[in-house]
Amino acid sequence: MFKWLEKNLPKIVLAPAVGLISWFVYGFVLWTLYISFTNSKILPKYELWGVGQYVKLWASRKWLISVDNLLVFTALFLIFCIVIGIILAIFLDQKIRAEGVLRTIYLYPMALSFIVTGTAWKWILNPSLGIQKMFIDWGFENFTFNWLVDREMAIYTIVIAGVWQSAGFVMALFLAGLRSVEDEIVKAAKIDGAGLFTVYWKILIPMMRPVFFTSFVILVHISIKSYDLIVALTQGGPGISTTMPALFMTQAAFHKSQVGLSAASAMMMFMAVAAVIIPYLYSELRRENAS
Amino acid sequence: MKKIIIALITLAFTSTSSIAGPKIEVLHWWTSGGEAAALKVLKDDFAANGGEWLDMPVTGGGGDAANVALKARIVAGDPPSASQIKGPTIQEYDQEGVVAPYNIDSVAQSEGWDNLLDPMIAAIHKCENNSGPYCAAPVNIHRIDWMWANKAVFDANGISVPTTWDELNAAADKLQAAGIIPFAHGGQAWQDATVFEAVAMGIGGNNYYKNCYVDLKENCLRSETTVKVFDQMRKLQGYTDEGSPGRDWNVATGMVIEGKAGFQIMGDWAKGEFTAAGKTPGVDYYCAATPSNNGYLYNVDSFIFYKSSDPDKQAGQKLLAKLMMGKNFQKVFNLYKGSIPARLDVSMDEFDKCAKTSNADIKTAGAKGGLVPSFAHGMAQGNTMKAALQDIITEHFNSDMSSVDAANALADSVLANM
Amino acid sequence: MQAKTSSSNYKQLEQKSRYTNIFLRWFLYFVLILFASYFIFPLYVMVVTSLKTMEEIRQGTLLTWPSGLNFDAWAVAWGGRGYGAGDTFLKPYFWNSLKMVIPAVFFSTFIGAMTGYVLTKWRFKGDSWVFLFLLFGCFIPFQAILLPMARTLGALGISNSIIGLVLVHTVYGIPFTTLFFRNYYVSIPTELVKAARIDGAGFFKIFFKILLPISAPIIVVTVIWQFTQIWNDFLFGSTFSFGEAAPIQVALNNMVLSSTSVKEYNVDMASAIIAGIPTLIVYVLAGKYFIRGLTSGAVKG
Amino acid sequence: MKTLKIEELSKNFGTTEVLKKINLEIDEGNFLVLLGPSGCGKSTLLNIIAGLETINEGNVFIDDYNVSKVEPKDRNIAMVFQSYALYPSMNVKENMVFGLKQAKTSKEKIEEQLTKVSSFLQVDELLNRKPSQLSGGQRQRVAIGRALVREPRIFLFDEPLSNLDAKLRVEMRREIKKLHQKLKTTVVYVTHDQTEAMSLGTKIAIMNHGVIQQNESPEIIYNKPSNTFVADFIGSPSMNLIKGKLNENSDKISFTAEGANFDIPINSYDFNNTSELNNKEVYFGIRPEHIYFKKSNEGDFEVNLRADLSEYIGHEQIMTFDLANQELLAKFPSTIKIELNKETKLYFDLTQVSLFDSITQERL
């Protein structure tokens, strides 16, 4: 008995984590999958109904708009976060005075929830209270910055605020990556005549592949999950122009008595997440087994 | 004074037995100034009767967050004792089998609610397709089709309260020319829909409203009248300011109070903001119904009671139901809230001008077939259909969608969700 | 064999590089400060606004400096206005949040550390699959699991309790904490564990006496991450807790969204800052270790 | 014209002085080894030559031109690093031609150089591999190749062999030596390994605490160390330094070890400065290999000492003797049998001794 215990101790220790995740992640996903095939309305029902919810989902204007928004948002969010993150990391890596202070400034938005900062952002972006008013008060009568209330542009304000919140984290990841590169590589490149730009562009950034991967995964998952951001800034408006899948799903389940439809949309989101994450996890596994 | 003594005595007696006394947990989203003060009346009343009140306020998104919490609790098998649910949604919950009519119906019977309420209002609160036992208690009747105007601004621009939509547009043009924001509006989906239903009832008339938004007839939704309604919406949109999208309703009300804007179209809860700012109706501001033919858009706030096996909670539910329909509460609460009592026999003496108007109008409207349920506030339709209508209305209001397209989209959206 | 660079040529090169360097330096600081202002702007607005009176807010712009240090709004946000109904303020909720955060961070970190330890130092067939199995939990959109979660909590009899919230946050923290610890422990030589086993140390002794003492960098990263996530959570808090037991983000939301017609921006901003102070402190004080911790393992993920 | 000249060079990191007024010169085609214990400043000096570190004081000249503020790439140098510092994201070929590409060399020239160098170093088979797919020795070759293709004026090597195992290290050492013989390029080579230094260098500069202790040919460094540090640092086991006193007596000079009852005559010693030698406190230095077990030369000094310890190292053995309570190490062929704890007759080769002032530690 004791021997058995000793031999299996590692697995026993693993059991709580595996058990919890099996139930709370996979069990719940299966539950959602089941519900997506029912005609649940105000509360979950367990009578099977078929694929009607999926048909309804893809016929819904709002869902299509939200998928569209997600694509636009994810693309811009990724590009800006990574570009700004890299630029800041590279610049901070140049033996900068007050690096600690700057780093903290770039990183702190991560610390605050959007429930907190949304208040400020909404105010700043609001044309009659924020930046636009500020410039008009300064005498720039014709200055306009009304993206928040412009249905074509509102999605970009969400990008601005989203990038603000996450770019610092990407910066931290890249800075950490750059700091773990051996000095001698940079020295060798300098002797080889590479300017600062070339050193980063041709040598260091290609070495950051794992960091790119990590950032990509984290950012994609943030953008697919983004909810607080939208609720705090636009609540999906003006109109329904900034609706995103997470908001759609939440509204369907809790506000519109469409629990089944919500489950179907949740399944679509799972699939999107899986489509991005599983290849990543797979390649990760292969890389590890190779080494 | 007498009341306080009684309260103190009850308190003294119940302090030892408070664990076993009536207990209630109420989920609501009344946390803003006037609403919270109104609710406090009930809480105090409840405590004075030896009950223990567990407050469960969840604000955000006009009840969205509260809905999340409510469903989570129902699914968890641990629903609150009562929550703020109204209109056809009461039936939806009843069909899920989570509502407890057995409990408060006895109170309703012994108190004679059938005699105290208008039959139409009473039916809303009965389970089993509006004809069974009572399972919800109404606390008030809100009127939606109100226009709130700053009197000083109107006077300064030589405007009197408009009685037709054309007059209203003319007034708005005048204000705009004078550099005042004519229409204070918060661009949120439910606010857009609130304005829309007032316009629909006013421009389309009462029968049009019932056909379209209560009975959801397709040909009505696609009709020329609907196009006209959307045209008026587009006009109103032109009268809003740039900062409108996303603004909370009470901020919009504040703009009228401060004279930054001319008027707002909003339910009578807006009055609470005027009162809180120390303004008097007729003196500082106008409260007038939006132009219509004796129409009256009603919205009844009510509480639904959930099944519970805890005898303390059942006792609490009974007590709460009784207090909610109590004469005193209905009066005091509505004085704060801006609405009028659901109970017919409450004296309107202490109420202000606006409430009196409302109380008079509801009777006229009832007689002339103008009493219609608000769909924007979930009285005419369940949540799914409400959202289906609201989505199109808000999309139209916030884009350059044509009125014809909007009317068709509205019909399509309704059909898709049938 | 090769051309020698002439002396005038060298001089040119010298000049050029000096000017380029000076220019680059200026450009560097310019860009860094530009971005710093983008990042600091909302916080600046929040702090400045919270110190103004409503009158000042109406008259000035976003950037205007307050006329004096006026902490009235802060006092209101923290302790209320002193009237009964509808007077929400943050003080009691602050402690609720602490009661929830501390155990949740502790448990999730501890379980993550143990799991990471097993997955790297006691490898068995299929352990990578177990890791991936756990990792997928990072990517669950939380709105989708609210209802089944409610059901589970109800069945466990801990719906609407701090314990329930601790459980929820612990569970959804495990994928992240496991990821952090695993990636860190992978970089620690397995020889260390082997040596300890030869010295007669058992499973737990190796963990507590050998690995845990050298885990400081990754513990810092994990704790910061978890603390931030849990402290800032609104969704679970608003769904699975109520009234007086609500965490601070819920209270903040209630405060900010339920004002009267005159929106008191100063109080809103002060409340927002108060709700954000603990995480801000954690980042400012431990930010340095955060980067260091990321360098020592987490990035390699 | 000196290929490399360093003038009064000082460097400090904050308050720590790493280099103190260094002066150094190398002629065309020389192989200079910077040798010293870790932390002596040798790598910093190399980095300064390369232009990778700034200078606080002094100047660096290449071909008589002051390059103190010139960028590394414009100094006409190439460098090989301890960790090889190959660019991990590029393959071998890309690694090797990267510098040429940066210098905008013509395509034909790049191809030509690449072919030449890769066949010379026998890495032509590896051109398409990534550094992670190479063995340590192969990486080293590629790193050298990367330096070679640029045909620099000066090669800088920063401990290039210390990441290799012992056998490979010897092999690569020979290859570097051959390379230098063939190309005759000036080399500055940093190491802490004296064998490497002795076998490779035409000149060795021994450094300690940021100061060059001695800069001479390997023979002179070995035979005439300029101070006790150099004497101690070079040779394995290092030179015996016996504390004692000099006696000058009518032109005859002799050394008496502390506590010893015999004098060692100093006859053929070439003093730098002969003033006041009498009673001077000195170290008498003699290398273990200059102590014999039988008389070889006429001038050898004979003494009886007790053997305390014997260390067998294959072809040789190292014996420890007691000289008036000071340890004396000697190196003999392992075929010689010497009994422990017994007096043995030994012969000091007095032509090979060194004397150091015990206060200044400098060679007399």
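The values are calculated or read from the model by the stated rules, or taken from the named source; none is laboratory data. Since we're looking at a predicted model, the values are computed, not measured. Glycine also receives a Cβ, built like all others from the backbone with ideal geometry; neighbour counts cover every protein chain displayed.
Filter the stretch A:27-44 for residues that are more than 12 Å from chain C (Cβ to nearest Cβ) and either at pLDDT below 90 or in contact with a helix residue (DSSP H, G or I) (Cβ under 6 Å, 6 or more places away or on another chain) (or both) and give the result.
A:38, A:39, A:41
Assess whether residue A:74 counts as being of a type in the set (Ser, Thr, Tyr), in a helix (DSSP H, G or I), facing chain C (nearest Cβ under 10 Å) and closer than 30 Å to residue A:262 by Cα.
no
Residue check: is residue D:269 buried (at least 19 other Cβ atoms within 10 Å of the Cβ) and assigned by TED's automatic domain parsing to the domain that holds residue D:303?
no
Could you tell me which numbered condition residue B:179 fails, if it satisfies all but one of (1) surrounded by 14 or more Cβ atoms within 10 Å (Cβ to Cβ); (2) within 26 Å of residue A:238 (Cα to Cα)?
Answer for residue B:179: the failing condition is (1).
Residue by residue, here is whether (1) in the same structural domain as residue B:272 (by TED's automatic domain parsing); (2) among the hydroxyl-bearing types (Ser, Thr, Tyr); (3) modelled with pLDDT under 90; (4) more than 17 Å from the chain's Cα centre (by Cα) holds:
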{"residue": "B:76", "(1), (2), (3), (4)": "no, no, yes, yes"}
{"residue": "B:86", "(1), (2), (3), (4)": "no, no, yes, no"}
{"residue": "B:93", "(1), (2), (3), (4)": "no, yes, yes, yes"}
{"residue": "B:101", "(1), (2), (3), (4)": "no, no, yes, yes"}
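Which residues, taken from the stretch B:242-252, are more than 19 Å from residue C:253 (Cα to Cα), at the interface with another protein chain (Cβ under 8 Å from one of its Cβ atoms) and crowded, with 21+ Cβ neighbours inside 10 Å?
B:243, B:244, B:245 - these are the residues of the stretch B:242-252 that are more than 19 Å from residue C:253 (Cα to Cα), at the interface with another protein chain (Cβ under 8 Å from one of its Cβ atoms) and crowded, with 21+ Cβ neighbours inside 10 Å.
Identify, by number, the condition in (1) over 22 Å from residue A:33 (Cβ atoms); (2) more than 14 Å from chain B (Cβ to nearest Cβ); (3) among the aliphatic types (A, V, I, L, M) that residue C:156 doesn't meet.
Exception for residue C:156: condition (2).
Would you be able to say whether some residue in the stretch A:188-196 is within 14 Å of chain D (Cβ to nearest Cβ), of a type in the set (Asp, Glu) and buried (at least 23 other Cβ atoms within 10 Å of the Cβ)?
Looking through the stretch A:188-196, at least one residue is within 14 Å of chain D (Cβ to nearest Cβ), of a type in the set (Asp, Glu) and buried (at least 23 other Cβ atoms within 10 Å of the Cβ).
If only one of A:41, A:11 is buried (at least 17 other Cβ atoms within 10 Å of the Cβ) and more than 29 Å from the chain's Cα centre (by Cα), which one is it?
Testing whether each residue is buried (at least 17 other Cβ atoms within 10 Å of the Cβ) and more than 29 Å from the chain's Cα centre (by Cα) leaves just A:41.
Could you list all residues from the stretch B:128-146 that are surrounded by fewer than 22 Cβ atoms within 10 Å (Cβ to Cβ) and either outside any loop (DSSP other than H, G, I, E, B) or among the β-branched types (Val, Ile, Thr) (or both)?
Within the stretch B:128-146, B:128, B:129, B:130 qualify.
Filter the stretch D:248-306 down to residues that are touching a helix residue (DSSP H, G or I) at 6+ places or on another chain (Cβ under 9 Å) and of a type in the set (A, V, I, L, M) and give me whichever is modelled with the lowest pLDDT.
It comes out as D:266.
Can you name every residue in the stretch A:79-99 that is of a type in the set (D, E, K, R) and part of a helix (DSSP H, G or I)?
Correct list: A:99 only.
Just need a number here: residues in the stretch B:262-284 that are within 22 Å of residue B:378 (Cα to Cα) and at pLDDT 90 or above.
Count: 4.
Filter the stretch C:178-203 for residues that are among the polar types (S, T, N, Q) and modelled with pLDDT under 85 and give the result.
If the condition is that a residue be among the polar types (S, T, N, Q) and modelled with pLDDT under 85, then C:183, C:187, C:190 are the ones that fit.
It is to be established whether one or more residues within the stretch A:153-165 are in contact with a Ser or Thr (Cβ under 6 Å, 6 or more places away or on another chain), over 27 Å from residue C:229 (Cα atoms) and not small (Gly, Ala, Ser).
no
Please verify whether residue A:95 is more than 8 Å from chain C (Cβ to nearest Cβ) and either in contact with a helix residue (DSSP H, G or I) (Cβ under 9 Å, 6 or more places away or on another chain) or acidic (Asp, Glu) (or both), treating the condition exactly as stated.
Taking the combined requirement at face value, the residue does not satisfy it.
Could you list, in sequence order, the residues of the stretch B:147-168 that are in a loop (DSSP other than H, G, I, E, B) and hydrophobic (A, V, I, L, M, F, W, C)?
Matches in the stretch B:147-168: B:159, B:161.
Pick from the stretch C:91-131 the residues that are among the charged types (D, E, K, R) and more than 22 Å from residue C:197 (Cβ to Cβ): which of them is surrounded by the fewest Cβ atoms within 10 Å (Cβ to Cβ)?
Across the stretch C:91-131, the extreme among qualifying residues is C:91.
Conditions tested, residue by residue: (1) among the small types (Gly, Ala, Ser); (2) surrounded by 23 or more Cβ atoms within 10 Å (Cβ to Cβ).
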{"residue": "D:37", "(1), (2)": "no, no"}
{"residue": "D:48", "(1), (2)": "no, yes"}
{"residue": "D:57", "(1), (2)": "no, no"}
{"residue": "D:63", "(1), (2)": "no, no"}
{"residue": "D:68", "(1), (2)": "yes, no"}
{"residue": "D:75", "(1), (2)": "no, yes"}
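The rows are residues; the columns are (1) modelled with pLDDT under 90; (2) aromatic (Phe, Trp, Tyr); (3) closer than 30 Å to residue B:93 by Cβ.
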{"site": "B:243", "(1), (2), (3)": "yes, no, no"}
{"site": "B:250", "(1), (2), (3)": "yes, no, yes"}
{"site": "B:255", "(1), (2), (3)": "no, no, no"}
{"site": "B:260", "(1), (2), (3)": "no, no, no"}
{"site": "B:286", "(1), (2), (3)": "no, yes, no"}
{"site": "B:291", "(1), (2), (3)": "no, no, no"}
{"site": "B:300", "(1), (2), (3)": "no, no, yes"}
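Any idea how many residues of the stretch B:360-401 are away from chain A (no Cβ under 13 Å) and either touching a residue at least 12 places away in the same chain (Cβ under 8 Å) or within 30 Å of residue B:67 (Cα to Cα) (or both)?
Going through the stretch B:360-401 one residue at a time, the tally reaches 17.
Identify all residues within the stretch A:255-272 that are more than 8 Å from chain C (Cβ to nearest Cβ) and either farther than 19 Å from residue C:239 by Cβ or aromatic (Phe, Trp, Tyr) (or both); write none if there are none.
A:260, A:261, A:264, A:267, A:268, A:271, A:272 - these are the residues of the stretch A:255-272 that are more than 8 Å from chain C (Cβ to nearest Cβ) and either farther than 19 Å from residue C:239 by Cβ or aromatic (Phe, Trp, Tyr) (or both).
Taking residue D:38 and the conditions (1) out of contact with any strand residue (DSSP E or B) (no Cβ under 7 Å at 6 or more places or on another chain); (2) assigned to a helix (DSSP H, G or I), which numbered condition does it fall short on, given that it satisfies the others?
Against the list (1) out of contact with any strand residue (DSSP E or B) (no Cβ under 7 Å at 6 or more places or on another chain); (2) assigned to a helix (DSSP H, G or I), residue D:38 comes up short only on (2).
Could you list, in sequence order, the residues of the stretch B:256-286 that are of a type outside the set (Gly, Ala, Ser), away from chain C (no Cβ under 14 Å) and more than 18 Å from residue B:35 (Cβ to Cβ)?
Scanning the stretch B:256-286 gives B:263, B:265, B:280, B:281, B:283, B:286.
Counting just the residues of the stretch B:402-415 that are aliphatic (A, V, I, L, M) and either more than 10 Å from chain A (Cβ to nearest Cβ) or in a loop (DSSP other than H, G, I, E, B) (or both), which one comes out farthest from residue B:240 (Cα to Cα)?
B:415
So, in the stretch B:272-309, exactly how many residues are under 20 Å from the mean Cα position of the chain (by Cα), over 30 Å from residue B:108 (Cβ atoms) and assigned to a loop (DSSP other than H, G, I, E, B)?
Final tally of qualifying residues: 4.
Condition first: within 26 Å of residue A:279 (Cα to Cα) and touching a residue at least 40 places away in the same chain (Cβ under 8 Å). Now tell me which residues in the stretch C:123-152 satisfy that.
Scanning the stretch C:123-152 gives C:131, C:134, C:135, C:138, C:142, C:143.
Return the residues of the stretch C:243-262 that are in contact with a Gly (Cβ under 8 Å, 6 or more places away or on another chain) and either at pLDDT below 70 or among the aromatic types (Phe, Trp, Tyr) (or both); say none if nothing qualifies.
C:257, C:258, C:259, C:260, C:261, C:262
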